[in-house]
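These notes are about the structure you will find just below.
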Amino acid sequence: MQLQVAPSILSADFAELGKDIRMLNACADLIHLDIMDGTFVPNISFGFPVVEAVSKIATIPMDAHLMVVHPERWVKRCAELGVSMMSFHQEAALEDSEAILADIRANGMKAGLVINPDIPVERLFPYIGKADFFLIMSVFAGFGGQKFIPESVRKVAALKAELERRGNDAPIEVDGGVNAENAALLRDAGASILVAGSSVFKAENPAEAVSLLQNPR
Ligand code: DX5
Ligand code: ZN
């Protein structure tokens, strides 16, 4: 099966965002929205006005990755803006993750839990059955254009094995430094959604870069 590719608009040209979204509509599976607050991560990206603008043009589902403290405050807002998938980092939340996942689902979105590279993959296991997808960061959340951490492949494989053992088919998403060189390894380890910022937007032909990630060799 073909992988789903979620280009991160963090690497898009914000002065030409509409053009970039239309390009993604035609070639990608999801639009990855990196929302950063400058507190949970040492960077500020964009917020809901931008998500709203994207929602007006996007014809493919929006995948919001919240890198903000207290992400549970924004569940309703994401749902109202038409976000399809919403993920958050457990350590950023004040509320219990299980309750937040349930709230995301109750608001009609797919609920995802994210782990940074320094968090053991086993931390996700209690949420199997409670999350609709899992996001494994292959760089530390905060910036686009960082180098892929190879150890992430082992985490994907370990999560996939546990999901299979428990008869759960929740997709595994991988985010950070993903490119045509590591995509096949990630697929073979069990990933089914690849986030890609710079490897798509810095490519000469972004649509072709997406296609290479969907069917890596
Ligand atoms: C990092 C973000 C990523 C990032 C990916 O905090 O979560 O989604 O934009 O960008 P690349 O593919 O350039 O690593
Ligand atoms: Zn992201």
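What the table below lists for this structure:
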item: Estimated dipole of segment 92-217 in Debye, rounded to 20 [Cβ of Lys and Arg +1, of Asp and Glu -1, Cα centre]; result: 220 debye
item: Alpha carbon convex hull of segment 78-119, volume per residue in cubic angstrom; result: 71 Å³
item: Residue-averaged 222 nm ellipticity for the chain, from DSSP H runs of 4+ at -39500 (n - 2.57), nearest 500; result: -9000 deg cm²/dmol
item: Lys, Arg +1 and Asp, Glu -1 on Cβ, resulting dipole of segment 4-214 about Cα centre, debye, nearest 20; result: 180 debye
item: Environment charge at D34 (Cβ cut-off 12 Å; Lys +1, Arg +1, Asp -1, Glu -1); result: -3
item: Under 30 Å between alpha carbons - lysine pairs in the chain that sit 8 or more apart or on different chains; result: 21
item: Per-selection metrics, the chain (Cα): Rg and Dmax in Å; result: 15.7, 47
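Bear in mind these aren't lab numbers, they're just calculated from the coordinates by the rules spelled out. Not measured: the values here are computed from a predicted model. Here Cβ is always computed from backbone atoms with ideal geometry, including for glycine, and neighbour counts include all displayed protein chains.
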